[in-house]
Amino acid sequence: MRRLGLLGGMSWESSIEYERRINEGVRAALGGTHSADLLIRSYDFAAIEVMQAAGDWAGAGAVLATDAAHLERAGAEAIVLCTNTMHVVAPAIEAAISVPFLHLADATASAVVDAGVEKVALLGTRYTMEQDFYRGRLEARGLEVLVPDEPDRTLVHDVIYDELVRGRIVPSSKAAYLGVIDRLLERGATGVIAGCTEIELLVGPHDVDVAYFPTTALHADAAIAFALS
């Protein structure tokens, strides 16, 4: 089994789902008492959030790149960044390591393409929805990516930071999210990407009538495949 290095804690509510799914996947594949061989660097998300809000992506990238290199030196054979938003600093991480970086957007794009979806809705933090680091990677695979208009975009972002990363699941927010999704479907989307790991805690595949792409699950499955390859 290959050893994985996880950069998590952004927030821990989401990264603990990575750990759970990766361990369950390894146990399902190998049986018995098997679990994944993991090295984990989990952050105090409050410090990361300050850098996000200030737009200090260079500073955040330096922190994550340094720790990814530490994980590699400790024996990690691939790096998994357990968050959508912080993939904005993926180039800095990739430049600091010599082992594979398993990019979340690549795993997501492959799933969307394999499902035959061409026009897909993307929900996530404001950074993920508005910047090119994630959308551009999907579009490079030939996908048309739709994001919410305002004020829906602000609503999606605020629920993530004010509720989901704090462990709060609010029924009215779920209803609001489903309304946002309905408006994206009216614009022609035939699939929905839960492009923030915490969104999967609020909206699941049974809540929508089109293809649903839970990025935590997709990324974790890619990590399992690498670990067992």
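No lab work stands behind these numbers, since they all come straight from the coordinates. Since the structure is predicted, the reported quantities are computational estimates derived from the model, not experimental observations. Note that we place each Cβ from the backbone using ideal geometry, even for glycine, and neighbour counts take in every protein chain shown.
Report the calculated FRET efficiency for ALA140 and THR190 (r = Cβ-Cβ distance, R0 = 22 Å), to the nearest 0.05. Working shown, then result.
Working: r = 19 Å, r/R0 = 0.88.
Efficiency for this residue pair is about 0.70.
With +1 on the Cβ of every Lys and Arg and -1 on the Cβ of every Asp and Glu, and nothing else charged, how large is the dipole of region 104-214 about its Cα centre, in debye rounded to the nearest 20? Please list the in-between numbers first.
Working: 11 positive and 19 negative charges, 27 e Å.
Using only the charged Cβ atoms, the result is roughly 120 debye.
In whole Hz and in residue order, list the ³J(HN,Hα) couplings for region 30-37 that follow from phi through the Karplus curve 6.51 cos²θ - 1.76 cosθ + 1.60, θ = phi - 60°; x for Gly and Pro.
For region 30-37, the Karplus curve yields 9, x, x, 9, 5, 9, 6, 8 Hz.
Length gain on complete extension for the stretch PHE226 to ASP114, per 0.36 nm per residue less the alpha carbon to alpha carbon distance?
On the way: separation 112, 0.36 × 112 = 40.32 nm, distance 1.89 nm.
Gain on extension, PHE226 to ASP114, equals 38.4 nm.
Quick one: compute the contact order of the chain, relative version, from alpha carbon pairs under 8 angstrom and 6+ residues apart, as a percent.
Numbers: 389 pairs, mean separation 56.9, N = 229.
Relative CO of the chain lands at 25 percent.
If neighbour count is taken as other Cβ atoms inside 10 Å, put ILE79, ILE181, ILE16 in order from fewest to most.
Working: ILE79 29, ILE181 23, ILE16 15.
Listing ILE79, ILE181, ILE16 from fewest to most nearby Cβ atoms yields ILE16, ILE181, ILE79.
Only Lys, Arg, Asp and Glu count, each charged at its Cβ (+1, +1, -1, -1), so figure out the dipole size of region 152-205 about its Cα centre, rounded to 20 debye.
About 20 debye.
Please give the charge dipole size of the chain, origin at the Cα centre, charges +1 on K and R Cβ atoms and -1 on D and E Cβ atoms. Round to the nearest 20 debye. Walk me through the numbers on the way to the answer.
Working: 18 positive and 32 negative charges, 98 e Å.
It works out to roughly 480 debye.
Find the percent of Cα-Cα distances in region 104-214 that exceed 17 Å, and round it to a whole number.
Working: 2938 of 6105 pairs.
Beyond 17 Å sits 48 percent of the P(r) for region 104-214.
Quick one: Karplus J couplings for region 149-160, per residue in order, coefficients 6.51, -1.76, 1.60, θ = phi - 60°, nearest Hz, x for Gly and Pro?
So the J values, rounded to whole Hz, are 7, 6, x, 4, 4, 5, 4, 4, 5, 5, 4, 4.
Tell me, HIS219, HIS87 in order of fewest to most beta-carbon neighbours within 10 Å?
Working: HIS219 28, HIS87 22.
Ordered by Cβ neighbours within 10 Å, fewest first: HIS87, HIS219.
HN-Hα J couplings of region 193-209 from phi, Karplus 6.51/-1.76/1.60, θ = phi - 60°, integer Hz, Gly and Pro as x?
For region 193-209, the Karplus-derived couplings read 9, 7, x, 9, 4, 5, 4, 5, 6, 10, 10, x, x, 6, 8, 10, 9 Hz, x marking Gly and Pro.
Work from the charge dipole of the chain (Cβ charges, +1 for Lys and Arg, -1 for Asp and Glu, about the Cα centre) and give the residue of LEU184, GLY9, GLY32 farthest towards its positive end.
Highest projection toward the positive end goes to GLY32.
Can you list residues from other chains, or at least 5 along the same chain, whose modelled amide H is less than 5 Å from the amide H of LEU146?
Distant-sequence amide H within range of LEU146: VAL120, ALA121, LEU122.
In nm, to one decimal, how far is the ASP132 label point from the LEU30 one, both placed 7 Å along Cα→Cβ?
4.2
When ILE199, ILE224 are ordered from fewest to most other Cβ atoms inside 10 Å of their Cβ, what list results?
Values: ILE199 25, ILE224 20.
Going from least to most buried by this count: ILE224, ILE199.
For TYR212, what residues show an amide H to amide H distance below 5 Å, using hydrogens built from the backbone and excluding near sequence neighbours?
Residues meeting the criterion, in which the H sits 1.01 Å from N, are VAL192.
Amide H of LEU6: which non-local residues (sequence gap of 5 or more, or other chain) have their own amide H closer than 5 Å, using H built in the peptide plane?
LEU39, ILE40, ARG41, VAL80
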